[in-house]
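See below for the structure under consideration.
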Amino acid sequence: MRTLRVMTADDEMLALRRLQILLRGMANVEHVGEASSCAEALARSAALAPDVILLDIKMRDGDAFDVVEELAHRADAPIIIFVTAFDQYAVRAFEAAVADYLLKPVERQRLEHALRKARDRLDALEIEERAIELQSIVRNLRASIAKEHGDGFETEFWLRGPNGIVQVPIDLIDCVSSEDDYVAIHTRNGSHLMRGSIRKFEGQIEQGQFVRVHRAWLVRKTSIAELRTPRIGSAEILLRSGKKVPVGRVYLRNLRRDTMKRNGVA
């Protein structure tokens with residue numbers, strides 16, 4: 001029996017450590033490496049060429065769907081086993097796909113069973129078939145979750161804070177700014193970085209909650225306290241939190257019209 005090369009990807013160090021310990025004691029299994037973000041998972045999988053990836057469904061810079069979509073285009077597509085702390089709606093979504101899943105905290109017996117299934121699939125499928133399978137996984141998961149939620153939009157983000165991973169509900173976000181390859185999520189309690197772009201953020205949330213006020217800024221409509229348009233100087237928005245956000249010239253006209261409409265001015 002050949003050795004199964006397994007990589008782990010999770011942004012929780014304790015979760016990675018637990019998987020490492022569990023894999024260490026398994027026969028014909030080699031833990032070849034680990035990753036703590038989506039970007040790192042893609043880079044390390046390309047370098048390590050694992051047979052199987054134990055992939056956390058939610059990480060600080062994205063989710064497993066993005067990783068799987070990228071892997072599906074690679075010639076050495078691995079078998080994916082999802083690791084999740086999600087509740088039952090996600091489990092039902094995973095059951096609709098062709099990959100296995102593990103609920104946290106991961107138990108040894110369940111992990112062994114998942115790896116046996118992965119080995120069987122690895123032996124049965126050609127590389128091209130595995131790539132097609134990955135595409136099917138994403139399609140099925142997204143369709144199932146969208147059906148469960150009714151719209152498929154995010155209601156919260158799990159982001160890295162100074163003391164670890166924190167839950168940030170959409171309703172608490174005042175504004176979002178572009179920071180190179182990241183976006184900064186600003187709330188009254190602080191700011192958090194998330195890998196991606198403002199355009200990607202807009203696609204993940206229900207439309208109509210936020211308004212673009214600058215090429216690098218997105219603002220929650222209900223957080224706006226005042227639109228300031230001085231005779232001299234640039235326009236800006238004052239948020240209810242006291243934060244000031246610049247307004248780009250190309251966005252000013254629509255923003256002024258929306259503000260007047262909310263205030264009941266024709």
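Would you call GLY248 surrounded by 15 or more Cβ atoms within 10 Å (Cβ to Cβ) and under 22 Å from GLY62 (Cβ atoms)? No; evaluated as a whole, the condition is false for this residue.
No other residue among ARG212, ARG240 is surrounded by fewer than 16 Cβ atoms within 10 Å (Cβ to Cβ) and not small (Gly, Ala, Ser) apart from ARG240. If the condition is being closer than 16 Å to THR155 by Cα and in a strand (DSSP E or B), then segment 166-191 contributes VAL166, GLN167, VAL168, PRO169, ILE173, ASP174, CYS175, VAL176, ILE185, HIS186, THR187.
Could you look through segment 105-116, keep only residues that are touching a residue at least 24 places away in the same chain (Cβ under 8 Å) and of a type outside the set (Val, Ile, Thr), and pick out the one that is surrounded by the fewest Cβ atoms within 10 Å (Cβ to Cβ)?
If we filter segment 105-116 for residues that are touching a residue at least 24 places away in the same chain (Cβ under 8 Å), which is where we start, we get 105-106, 108, 111-112, 114-115.
With of a type outside the set (Val, Ile, Thr) added as a condition, the list becomes 105, 108, 111-112, 114-115.
Values: PRO105: 10, ARG108: 13, LEU111: 22, GLU112: 16, ALA114: 21, LEU115: 23.
The extreme case among them is PRO105.
The single residue among LEU218, LEU227 that is under 19 Å from GLY190 (Cβ atoms) and in contact with a Lys or Arg (Cβ under 7 Å, 6 or more places away or on another chain) turns out to be LEU218.
Results for (1) out of contact with any Ser or Thr (no Cβ under 6 Å at 6 or more places or on another chain); (2) farther than 30 Å from SER37 by Cβ; (3) among the hydrophobic types (A, V, I, L, M, F, W, C), shown as yes or no for each residue.
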{"position": "SER178", "(1), (2), (3)": "yes, no, no"}
{"position": "ILE185", "(1), (2), (3)": "yes, no, yes"}
{"position": "PHE210", "(1), (2), (3)": "yes, no, yes"}
{"position": "ARG215", "(1), (2), (3)": "yes, no, no"}
{"position": "GLY248", "(1), (2), (3)": "yes, yes, no"}
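Yes or no, residue by residue, for (1) modelled with pLDDT under 80; (2) within 27 Å of HIS192 (Cβ to Cβ); (3) of a type in the set (Lys, Arg):
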{"residue": "ASP56", "(1), (2), (3)": "no, yes, no"}
{"residue": "GLU69", "(1), (2), (3)": "yes, yes, no"}
{"residue": "ILE79", "(1), (2), (3)": "no, no, no"}
{"residue": "VAL83", "(1), (2), (3)": "no, yes, no"}
{"residue": "VAL106", "(1), (2), (3)": "no, yes, no"}
{"residue": "HIS113", "(1), (2), (3)": "no, no, no"}
{"residue": "ILE127", "(1), (2), (3)": "yes, no, no"}
{"residue": "ARG130", "(1), (2), (3)": "yes, no, yes"}
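Cβ-Cβ distances below 8 Å connect the following pairs, each with a first residue in segment 212-230 that is of a type in the set (Lys, Arg), a second residue that is in a loop (DSSP other than H, G, I, E, B), and a separation of six or more residues or different chains: ARG215/GLY248; ARG220/GLN209; LYS221/GLY208; LYS221/GLN209; ARG228/ALA235.
When residues in segment 10-54 are screened for being buried (at least 17 other Cβ atoms within 10 Å of the Cβ) and closer than 17 Å to GLU107 by Cα, 12 of them pass.
Taking the conditions (1) over 21 Å from LEU134 (Cβ atoms); (2) modelled with pLDDT of 90 or more; (3) within 14 Å of the chain's Cα centre (by Cα) in turn, ALA27 satisfies each one other than (3). Listed by position, the strands (runs of 3 or more DSSP E) contained in segment 192-260 that have at least 1 residues being over 26 Å from ASP11 (Cβ atoms) and aromatic (Phe, Trp, Tyr) are 217-220.
The values are calculated or read from the model by the stated rules, or taken from the named source; none is laboratory data. What you are looking at is a predicted structure, and each value in this text was computed from that prediction instead of being measured. Cβ atoms come from the backbone with ideal geometry, glycine included; neighbour counts cover every protein chain shown.
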